[in-house]
Amino acid sequence: MRIGIGNDHVAVEMKKELTAYLENKGYEVVNYGTDSSESFHYPISGEKVALAVKNHEVDLGILICGTGVGISLAANKVNGIRAVVCSEPYTAKLSREHNNTNILAFGARVIGIEMAKMIVDSWLNAEFMGGRHQIRVDMIGDIEKRNG
Ligand code: RB5
């Protein structure tokens, strides 16, 4: 599985640690974020990862900024993207099973690396359940079509 990862200047170290963690598990990780501590505008990498997911260059995306909020807001502006901010594994798991999220976001100023790993594992190991949840996810897509 190919995972696109993006970040701003706040999350360079967490991005690098997570990349190594995921590669060690056999995932292919594509870096769309900054590797510099110079101030970096998070919408840039939020959009890059969102487009990579939308265009099937990668299967799923992970975004990290200070809180996970700004970068996920940017990603969610791309049609077909369902990005969720998580600070614990339960929401991450349910966001895949019920909401079919295709981007996971979190904050390097909010959680530590070990919690980030648990959240990522929980999200990647979960599967969309479809059924009644598909109807609701389709309704979210309809909102995009009506208001895009
Ligand atoms: C950068 O200072 C900070 O605003 C950014 O990392 C993120 O938290 C925005 O949502």
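Kindly establish whether Ser45 is part of a helix (DSSP H, G or I), over 23 Å from Lys145 (Cα atoms) and at pLDDT 95 or above. Yes. In segment 78-126, the qualifying residues are those that are under 25 Å from Leu51 (Cβ atoms) and within 14 Å of the ligand (Cβ to nearest atom), and the one that is farthest from the chain's Cα centre (by Cα) is Ala108.
Summed over segment 46-67, the residues that are within 24 Å of Gly112 (Cα to Cα) and surrounded by fewer than 24 Cβ atoms within 10 Å (Cβ to Cβ) give a count of 3. Just one of the listed residues (Leu63, Leu51) is part of a strand (DSSP E or B) and either at pLDDT 95 or above or farther than 22 Å from Glu23 by Cβ (or both), and it is Leu63.
The values are calculated or read from the model by the stated rules, or taken from the named source; none is laboratory data. For clarity, every value in this text was computed on a predicted model and none was experimentally measured. All Cβ positions, glycine included, derive from the backbone under ideal geometry; neighbour counts span all protein chains shown.
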